[in-house]
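Please treat every number below as a calculation from the coordinates, not as lab data. Keep in mind the model is a prediction, meaning the values are calculated, not measured. Positions of Cβ are generated from backbone atoms using ideal geometry, with glycine treated the same way; all protein chains shown enter the neighbour counts.
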Amino acid sequence: MQFYAVLLEVATLLATTANAADCFSDSGSQICLNSTDLLKYREWLCTYKTWANNMPFDWLGANGHIATFTPSNVPNEQSCWDSTLDIIDQCLGYRNGGAYSLDGWSMTIDFCVDTSKWGH
Ligand SMILES: *[C@@H]1O[C@H](CO)[C@@H](O)[C@H](O)[C@H]1NC(C)=O
């Protein structure tokens, strides 16, 4: 009984790990987009196949701050939906962004872009 419980836990952990976003190490930024905006831009990125352009997109939030979505070799639309939701669900409110990578492709979202560092 206990043995099975442990096995189940390991299986659950592995399943979770396979879908895990790697959250950035930095946290606590005060210049982040909130979930309303991030989900709106996620929809835009995935619906309009913007992810296929393979370049970073900066988006201005209603609060005047900026988030950057960076797709890299994303294989299909579903991967865009899944990876972006994983990053938002797992990292927003906890860290300043996150990345999801699998089999040679990746998606990165920086929720809290510091524009004062641009152009340096
Ligand atoms: C995000 O910010 C916008 C603009 O201030 C606001 O309308 C919206 O309700 C906020 N969403 C959440 C989840 O706080």
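Figures for the structure shown
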{"read-out": "Fewest-first ranking of SER83, SER25, using other Cβ atoms within 10 Å as the exposure measure", "value": "SER25, SER83"}
{"read-out": "Net +/- balance of residues flanking TRP118 in space, Cβ distance below 15 Å, scoring K and R +1, D and E -1", "value": "-2"}
{"read-out": "Residue order, fewest to most beta carbons within 10 Å, for ARG95, ARG42", "value": "ARG95, ARG42"}
{"read-out": "Ellipsoid semi-axes in whole angstrom, largest first, where each is sqrt(5λ) of the Cα gyration tensor of segment 21-115", "value": "20, 14, 11"}
{"read-out": "Residue-count net charge about HIS65 - beta-carbon cut-off 12 Å; Lys, Arg +1, Asp, Glu -1", "value": "-4"}
